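Input: a single structure, listed below in structure tokens.
The values are calculated or read from the model by the stated rules, or taken from the named source; none is laboratory data. These numbers were taken from a predicted model, which means no experiment stands behind them. Neighbour counts are summed over all protein chains in view; Cβ atoms, including those assigned to glycine, are modelled from backbone coordinates with ideal geometry. The area values use the complete protein model at the heavy-atom level, side chains included, leaving out ligands, DNA and RNA. Shrake-Rupley method; radii C 1.70, N 1.55, O 1.52, S 1.80 Å.
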Amino acid sequence: MISKRLKALVGASVAVVVACVSMLAVTTADARAGGQGHAPADKPTIVLVHGAFADSSGFNAVIQRLTNDGYPVVAAANPLRAVPSDAAQLSALLDSIEGPIVLVGHSYGGVVMSTAATGNANVKALVYVAAYIPETGETVAQLTDQFPGSTVDASLKAVPLPDGVVDLYIEPAVFPANFAPDLPAKDAALYAITQRPATNVALTEPILGDQAWHTIPSYALISGADKIIPPAAQRYMSERAGSTVQTVKGASHMVFVSHPDTTVSFIERAVRETR
């Protein structure tokens, strides 16, 4: 089980990271005449939250399409250190944005945004893209193991840090096959090299506080051939949350990279339905 493996990597106790430093990347553009999308006149800001073993650059194709359709876009750099501090940083970013927001999270990014958006009246929709939709008290490891099919346990590479926390990576040799098998091999190899680690703390600590999906409409784009978060787990979480669901058959965990048009269409559907 992934939870047992992670605990074994760090011993009996784990230090919780309280603060971290991150950069925020913001991309905005005016609507172009004849744009491809059908965005409403008053467009919300789309905030994208990446997950573990990744950074915001994976959203590049999605960002390009959204900005072409006239949406202001913010790509939040998720620290991947611990859920409370990661969520606090995202919450501060959301507070700095005027007007309505549609929040989009991939993988562990779904955990962070579920906490960060709680109580924020400007957040009109939560869009989970191959993402965790957790309930209070659960852990990422628990949700990963709840259904068979994840390769995470066999893919992890541990790098112990001086403070006792452990950084976790996906072994680059198996990253293409397990994380992104529907991408061209050369692209998957680049993502393997540029991945950012998550701490063992982020993946094993219980998630605290009320979860935003209880009060904010949620949408779940399920990756039908996901080897990281099993599709059955994604369906379970989305059904529990009462999410509007769309499944992309044959899509890997990086569905937003391999199917950017579908991802953008789904995000824009959430915009239209929650105006």
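Mind jotting down the distance between the C-alpha centroids of the stretch 246-262 and the stretch 155-187, whole Å? Cα centres, the stretch 155-187 to the stretch 246-262: 20 Å.
Sequence-ordered 3J(HN,Hα) estimates for the stretch 83-98 from the Karplus curve with 6.51, -1.76 and 1.60 and θ = phi - 60° stand at 4, x, 6, 4, 5, 5, 5, 5, 4, 5, 4, 4, 5, 7, 9, 8 Hz, glycine and proline given as x. Springs between alpha-carbon pairs under 10 angstrom, Gaussian network model over the chain: which of 233, 92, 225 fluctuates most? Looking only at 233, 92, 225, the largest GNM fluctuation is found for 92.
Please build a GNM for the chain, connecting alpha carbons under 10 Å apart, and tell me which residue among 131, 198, 88 fluctuates the most. Looking only at 131, 198, 88, the largest GNM fluctuation is found for 88. For log10 I(q)/I(0) by the Debye sum over Cα atoms at q = 0.08, 0.09, 0.11, 0.12 Å⁻¹, the value computed from the atomic coordinates appears in the list (1) -0.29, -0.36, -0.55, -0.66; (2) -0.33, -0.42, -0.64, -0.76; (3) -0.59, -0.70, -0.89, -0.96 under label (1). Label the stretch 164-275 by shape, choosing from rounded, prolate and oblate, from the square roots a ≥ b ≥ c of the eigenvalues of the Cα gyration tensor; if a/c is under 1.5 it is rounded, and otherwise prolate applies when a/b is larger than b/c, oblate when it is not. Note, shape of the stretch 164-275 comes out oblate.
In terms of packing, defined here as the mean over residues of other Cβ atoms within 10 angstrom, the peptides 216-222, 151-157 line up highest first as 216-222, 151-157.
Label-to-label distance for residue 147 and residue 122 is 3.5 nm, based on points extended 7 Å past Cα in the beta-carbon direction.
Inter-label distance, residue 177 to residue 159: 2.3 nm, where each label sits 7 Å from its Cα along the C-beta direction.
Rolling a 1.4 Å probe across the protein heavy atoms gives the chain an accessible surface of 41 Å² per residue. Stretched out straight at 0.36 nm per residue, the stretch from residue 262 to residue 61 would grow longer than its current Cα-Cα span by 71.2 nm.
Across the stretch 137-148, coupling constants 3J(HN,Hα) worked out from phi with the 6.51/-1.76/1.60 Karplus curve, θ = phi - 60°, read x, 7, 10, 4, 4, 4, 5, 5, 8, 5, 10, x Hz, and Gly and Pro carry x. Our estimate of slack between residue 135 and residue 92, defined as 0.36 nm per intervening residue step minus the Cα-Cα distance, is 13.3 nm. Of 227/249; 186/227; 43/186; 157/186, which sit over 25 Å apart, Cα to Cα? Check vs 25 Å cut-off fails for 43/186.
Taking the chain as a Gaussian network of alpha-carbon nodes connected by springs under 10 Å, the highest mean-square fluctuation of the residues 184, 134, 162 belongs to 162.
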